[in-house]
1. Among the listed residues 73, 77, which satisfies the condition of being loosely packed, with under 10 Cβ neighbours inside 10 Å and outside any helix (DSSP H, G or I)?
2. Do we have residue 51 as open to solvent by 50 Å² or more (accessible area, probe 1.4 Å) and over 18 Å from residue 16 (Cβ atoms) here?
3. Mind listing just one residue for me: the one in segment 32-59 that is closer than 23 Å to residue 5 by Cβ, in a loop (DSSP other than H, G, I, E, B) and not aromatic (Phe, Trp, Tyr) and, of those, nearest to the chain's Cα centre (by Cα)?
4. Are any of the residues in segment 7-16 out of contact with any strand residue (DSSP E or B) (no Cβ under 7 Å at 6 or more places or on another chain), outside any helix (DSSP H, G or I) and either open to solvent by less than 50 Å² (accessible area, probe 1.4 Å) or modelled with pLDDT under 90 (or both)?
5. Of the conditions (1) surrounded by fewer than 15 Cβ atoms within 10 Å (Cβ to Cβ); (2) in contact (Cβ under 8 Å) with a residue 24 or more places away in the chain, residue 90 clears all except one; give me its number.
6. Please go through (1) in contact with a Leu (Cβ under 8 Å, 6 or more places away or on another chain); (2) loosely packed, with under 11 Cβ neighbours inside 10 Å; (3) of a type outside the set (Lys, Arg) for residue 67 and return the number of the only condition it doesn't satisfy.
7. For segment 4-23, which positions are of a type in the set (Asp, Glu) and over 14 Å from residue 51 (Cα atoms)?
Amino acid sequence: MRIGELADRAGTTTRTLRYYESLGLLPPAGRAANGYRSYGDEHVRMLAQIRTLQDFGFGLEETRPFVECLRAGHEAGDTCADSLAVYRRKLAELDACVARLRSVRDQVAAQLARAELAAGAAQAAGEPMCELAPPTERTPTP
């Protein structure tokens, strides 16, 4: 298949395909008799692997071990040792991110609880609630 067809099947652009080739993520295409690049199903599989990993938040360089695993003839790009190591690193990053988000969530929940208590105490004491006044309308100046 030609580069445009591959791009369509992979949901990307021909420019992206050429970029991946320049990085060595995609093997160079064969050339047809007329000089056009000729791609095969293995290119489609590699691009699908790259796209899936990028959708999961993997960086482009992080996809390299998966593509190399496919190139080595493995049915799936994630069964090689280097691919598994990338999965482990990414999972550790995600776990750290989730932990940070939980910490921030707990802090926001504590602030909300404190603010609600303060607002309730002020209301019980008969203090007026501090509400933002609606913005005043501006009259255009001549």
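1. Going through 73, 77 in turn, just one is loosely packed, with under 10 Cβ neighbours inside 10 Å and outside any helix (DSSP H, G or I): 73.
2. No; evaluated as a whole, the condition is false for this residue.
3. Out of the qualifying residues, it is 40.
4. Checked against the condition, which is being out of contact with any strand residue (DSSP E or B) (no Cβ under 7 Å at 6 or more places or on another chain), outside any helix (DSSP H, G or I) and either open to solvent by less than 50 Å² (accessible area, probe 1.4 Å) or modelled with pLDDT under 90 (or both), segment 7-16 yields at least one hit.
5. Failing condition for residue 90: (1).
6. (2)
7. 5, 21
The values are calculated or read from the model by the stated rules, or taken from the named source; none is laboratory data. Bear in mind the structure is a predicted one, so any value in this text is a computation, not a measurement. Here the Cβ is made from the backbone with ideal geometry for all residues, glycine too, and neighbour counts use every protein chain on show. These area figures cover heavy atoms from the full protein model, side chains too; ligands, DNA and RNA do not enter into them. Shrake-Rupley method; radii C 1.70, N 1.55, O 1.52, S 1.80 Å.
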